[in-house]
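Notes follow the structure.
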Amino acid sequence: MNFPSTLVEEAVNELSGLPGIGKKTALRLVLHLLKQDMPHVEKFGNAFIRLRKNIIYCKECHNLSDREVCDICLSDKRDPGIICVVEDVRDVMAIENTGQFHGKYHVLGGIISPMNGIGPSDLQIESLVHKVLSGRVTEVIMALSTTIEGDTTVFYVYKKLSKLIEGHLKYTVIARGVAIGDELEYADEVTLGRSILNRVPFSKS
Ligand SMILES: [Zn+2]
């Protein structure tokens, strides 16, 4: 792309660095922003700066939050004995939309992916194990993508919790109504809701 202005080029480069946005789309967005009045553009830019500066990760479940502990963790209407383990905030939002889950969450912040250089220590796995060991947790539901990385993560956590699983702890995975390779956030609400209700005990084979 030959740009008539380095300012336009810089803006396009920044936007096209975002996932799912190519140079053409980035240029269209930049030209759109150029037509907006100044207060609008400032509000737009400031929203991202404020987001990055002020966002808090809930210290209990690691979900994005405005406060130290998020609303779901604070709620006494949610069962603290059932923990649904997910990859990121999009999954929490998708599962909340189903209205079928009334326990609490634990957000790993990703899944184990050697290809992308993500190992167990990059994720919130130790704090999950700690929570399960020290709390009154009766069930851990693994609601991860049905990919090799998702399966690897489910197995890794299983090994970490195996002593407890041999005892009283239920360790389940969501039903595979979510097709293999699908990401949770793309599953429709009815299917996702059903996969949680029809969760099954994890089996190693
Ligand atoms: Zn929380």
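The values are calculated or read from the model by the stated rules, or taken from the named source; none is laboratory data. Just so it is clear, the structure is predicted and the values come from calculations on it, not from any experiment. Please note: Cβ atoms are built from the backbone with ideal geometry, for glycine as well, and neighbour counts cover all protein chains shown.
Screening the candidates Leu31, Leu7 for the property of being more than 15 Å from the ligand (Cβ to nearest atom), farther than 30 Å from Gly135 by Cα and exposed (fewer than 12 other Cβ atoms within 10 Å of the Cβ) yields one hit, Leu7.
Just give me the residues in segment 19-39 being in a helix (DSSP H, G or I), within 18 Å of Val8 (Cβ to Cβ) and not hydrophobic (A, V, I, L, M, F, W, C), in sequence order.
The initial filter retains those residues of segment 19-39 that are in a helix (DSSP H, G or I), namely 23-35, 38-39.
Of the ones still in play, those that are also within 18 Å of Val8 (Cβ to Cβ) are 23-35, 38.
Listed by number, the residues that qualify are Lys23, Lys24, Thr25, Arg28, His32, Lys35.
Please work out if Lys43 is surrounded by 17 or more Cβ atoms within 10 Å (Cβ to Cβ) and in a helix (DSSP H, G or I). So Lys43 does not fit the description; no.
Inspect all residues belonging to segment 104-111 and state whether any of them is of a type in the set (A, V, I, L, M, F, W, C) and away from the ligand (no atom under 11 Å from the Cβ). Within segment 104-111, one or more residues are of a type in the set (A, V, I, L, M, F, W, C) and away from the ligand (no atom under 11 Å from the Cβ). Which residues, taken from segment 71-88, are over 19 Å from Ser195 (Cβ atoms) and within 12 Å of the ligand (Cβ to nearest atom)? Correct list: Asp71, Ile72, Cys73, Leu74, Ser75, Arg78, Pro80. Looking at segment 117-140, which of its residues are in a helix (DSSP H, G or I) and in contact (Cβ under 8 Å) with a residue 40 or more places away in the chain? If the condition is that a residue be in a helix (DSSP H, G or I) and in contact (Cβ under 8 Å) with a residue 40 or more places away in the chain, then Ser127, Leu128, Lys131, Val132 are the ones that fit.
Here is the figure for segment 34-61: residues that are out of contact with any helix residue (DSSP H, G or I) (no Cβ under 7 Å at 6 or more places or on another chain) and within 16 Å of the ligand (Cβ to nearest atom) total 4. Can you confirm whether Ile95 is out of contact with any His (no Cβ under 8 Å at 6 or more places or on another chain), modelled with pLDDT of 95 or more and in a helix (DSSP H, G or I)? So Ile95 fails the test.
A quick yes/no check of all residues on (1) within 16 Å of the ligand (Cβ to nearest atom); (2) in a helix (DSSP H, G or I); (3) at pLDDT 95 or above; (4) of a type in the set (S, T, N, Q):
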site: Val69; (1), (2), (3), (4): yes, no, yes, no
site: Asp91; (1), (2), (3), (4): yes, yes, no, no
site: Gln100; (1), (2), (3), (4): no, no, no, yes
site: Met115; (1), (2), (3), (4): no, yes, no, no
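Scanning segment 141-161 for residues that are touching a residue at least 40 places away in the same chain (Cβ under 8 Å), closer than 23 Å to Thr191 by Cβ and among the β-branched types (Val, Ile, Thr), we see that the one that is surrounded by the fewest Cβ atoms within 10 Å (Cβ to Cβ) is Val154. Restrict the check to segment 185-204 and report whether at least one residue is at pLDDT below 85, in a loop (DSSP other than H, G, I, E, B) and more than 22 Å from the chain's Cα centre (by Cα). Yes, that holds for at least one residue. Within the set Asp91, Asp79, the sole residue that is of a type in the set (Asp, Glu) and either surrounded by fewer than 18 Cβ atoms within 10 Å (Cβ to Cβ) or over 16 Å from the mean Cα position of the chain (by Cα) (or both) turns out to be Asp79.
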